[in-house]
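The values are calculated or read from the model by the stated rules, or taken from the named source; none is laboratory data. Because the structure is predicted, anything quoted here is derived from the model rather than measured. Positions of Cβ are backbone-derived with ideal geometry, glycine not excepted, and every protein chain shown enters the neighbour counts. For accessibility, only protein heavy atoms count, side chains too; no ligands or nucleic acids. Shrake-Rupley method; radii C 1.70, N 1.55, O 1.52, S 1.80 Å.
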Amino acid sequence: MLDLNFVRANLELVEEKLRARGVDSAVLLGNFRELDVDRRARITQAEGLQAQRNKLSQEVARQRKAGEDATALMDQTRALKQETDELERSAAQAEEAMRTLLVAIPNLTQDSVPPGKSEAENVEVMRWGRQPEFDFAPKPHWELGESLGILDFERAAKISGARFAVYWGLGARLERALAGFMLDIQTGEHGYLEVLPPFLVNSDSLFGTGQLPKFAADLFKCEGSDHWLIPTAEVPVTNLYRGEVLDEAQLPLSLVAYTPCFRSEAGSYGKDVRGVIRQHQFQKVELVKFTRPDQSNEEHERLTGHAEEILRRLELPYRKMLLCAGDTGAASSKTYDLEVWLPGQGTYREISSCSNFEAYQARRANIRYKPQGKNKTELVHTLNGSGLAIGRTWLAILENYQQADGSVRIPKELQRYMGGEEVIRQR
């Protein structure tokens with residue numbers, strides 16, 4: 001959420017940044033300016049009436065002390081109080097209406113973020129790795145997984161419905177191996193503290209990270225309670241410090257969590273219906289950072305690099321994309337997407353999204369720190385990124401490491417997590 005005073009003082013800049021996202025600022029900001037003018041006018045009127053009331057009160061006190069009849073002045077004072085109270089109430093209502101508008105305003109993108117309305121205008125920053133060459137037609141992961149007997153959509157649909165999968169044997173172990181490998185790299189080499197948070201959160205947590213109220217349709221809610229299934233570990237991990245003040249010495253604070261994630265995929269009907277690209281349930285390793293404002297851009301680059309390191313260790317070709325303003329998430333000020341090469345589909349697909357939210361989430365969740373030598377607290381900056389989405393890493397391994405006989409080689413870095421297995425063959 002943006003600071004109300006900032007928006008009030010920089011409304012033209014906010015409108016410009018919204019236009020860069022392809023957002024109609026007139027619709028989103030509504031009558032913000034009129035509400036603010038009205039609020040200020042009512043406050044000014046209330047202050048003027050209060051000054052009159054104070055003078056009358058002094059005159060009432062004088063008359064009563066002198067034994068004079070102060071009834072008329074007392075009636076005027078009461079009338080002024082009623083009018084003042086009404087003005088203050090209406091000013092407060094205007095303020096609340098402005099705050100309601102404020103909740104819906106997305107973050108302002110950084111100046112380094114290119115303008116644009118869709119992913120077609122994202123900017124490729126770099127590519128890494130050589131796309132594998134095959135002397136046969138490479139298959140997509142859903143064909144490989146089913147033929148190897150490690151991926152089962154039919155039984156998943158029987159027990160849960162569409163957009164679920166069952167993993168068998170070495171397929172299940174590969175999923176587990178990836179989680180352990182990713183966590184070991186981030187904790188052992190990059191200094192992240194591992195945390196295992198709840199997978200159910202309350203509405204305050206989802207508001208804090210920006211999913212509520214705007215994206216409720218993308219979530220699963222438990223009927224009859226204020227519990228929601230987490231769409232990403234970003235939500236519980238960021239909210240660990242909601243309403244708290246961190247010591248500056250703690251920053252930057254780096255946390256990593258492995259959790260299942262649950263998404264309704266509202267609006268994705270007909271998209272990615274085959275395979276495990278877009279599931280209602282999937283597992284992910286999430287990187288979360290809390291930093292000082294002056295650290296956040298540097299730490300954003302570092303966090304993105306930590307996600308990239310997983311792809312490099314697994315020797316998976318990928319490209320790094322800087323998202324344009326229109327494709328940047330509502331809470332983010334700048335986002336890099338890492339897109340892995342999928343030879344079975346002949347395309348790059350997102351496998352990690354790494355974002356700097358600056359103070360947007362921290363203001364909603366009231367997460368602060370106390371700078372050394374200062375009495376006043378300040379908002380931290382929050383960052384997060386997938387390190388990585390495990391299901392998509394799983395399918396990228398199948399497609400990039402497939403062999404002509406339909407088997408799949410296991411990357412060297414994962415073999416010790418797979419009990420020494422080197423190849424997944426049909427069982």
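In region 3-37, what residues are open to solvent by less than 60 Å² (accessible area, probe 1.4 Å) and over 23 Å from the mean Cα position of the chain (by Cα)?
Taking region 3-37 as the starting set, the residues that turn out to be open to solvent by less than 60 Å² (accessible area, probe 1.4 Å) are 3-4, 7-8, 10-11, 14-15, 17-18, 20-23, 25, 28-30, 32, 35-36.
Across region 3-37, the qualifying residues are 8, 10, 11, 30, 32, 35, 36.
Does region 1-32 hold any residues that are part of a helix (DSSP H, G or I), under 20 Å from residue 114 (Cβ atoms) and either touching a residue at least 60 places away in the same chain (Cβ under 8 Å) or of a type in the set (Val, Ile, Thr) (or both), and which are they?
So in region 1-32, the residues part of a helix (DSSP H, G or I) come out as 4-9, 11-20, 25-29, 32.
Filter again for under 20 Å from residue 114 (Cβ atoms), leaving 13-20, 25.
If the condition is that a residue be part of a helix (DSSP H, G or I), under 20 Å from residue 114 (Cβ atoms) and either touching a residue at least 60 places away in the same chain (Cβ under 8 Å) or of a type in the set (Val, Ile, Thr) (or both), then 13, 14, 17, 18, 20 are the ones that fit.
Within region 47-56, restricting attention to residues that are in contact with a Ser or Thr (Cβ under 7 Å, 6 or more places away or on another chain) and open to solvent by 50 Å² or more (accessible area, probe 1.4 Å), the residue that is modelled with the lowest pLDDT is 53.
Restricting to helices (runs of 4 or more DSSP H) lying wholly in region 121-235: which have 2 or more residues that are open to solvent by less than 50 Å² (accessible area, probe 1.4 Å) and in contact (Cβ under 8 Å) with a residue 60 or more places away in the chain?
Working: elements: 141-148, 153-159, 169-188, 203-209.
Here the list reads 141-148, 169-188, 203-209.
Checking the conditions here, which among 407, 386 is hydroxyl-bearing (Ser, Thr, Tyr), modelled with pLDDT of 95 or more and closer than 28 Å to residue 203 by Cβ?
Being hydroxyl-bearing (Ser, Thr, Tyr), modelled with pLDDT of 95 or more and closer than 28 Å to residue 203 by Cβ holds for just one of 407, 386, which is 386.
Table: residues versus (1) open to solvent by 20 Å² or more (accessible area, probe 1.4 Å); (2) at pLDDT 95 or above; (3) closer than 30 Å to residue 4 by Cα.
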{"position": "300", "(1), (2), (3)": "no, yes, yes"}
{"position": "319", "(1), (2), (3)": "yes, yes, no"}
{"position": "325", "(1), (2), (3)": "no, yes, yes"}
{"position": "329", "(1), (2), (3)": "yes, yes, yes"}
{"position": "362", "(1), (2), (3)": "no, yes, yes"}
{"position": "368", "(1), (2), (3)": "yes, yes, yes"}
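The single condition among (1) in contact with a strand residue (DSSP E or B) (Cβ under 7 Å, 6 or more places away or on another chain); (2) surrounded by fewer than 19 Cβ atoms within 10 Å (Cβ to Cβ) that residue 107 does not satisfy is (2).
Quick one: is residue 60 assigned to a helix (DSSP H, G or I) and closer than 30 Å to residue 327 by Cα? In short, no.
Before we move on, is residue 286 of a type outside the set (Val, Ile, Thr), within 30 Å of residue 152 (Cβ to Cβ) and open to solvent by less than 20 Å² (accessible area, probe 1.4 Å)?
Details: of a type outside the set (Val, Ile, Thr): yes; within 30 Å of residue 152 (Cβ to Cβ): yes; open to solvent by less than 20 Å² (accessible area, probe 1.4 Å): yes.
Yes; evaluated as a whole, the condition is true for this residue.
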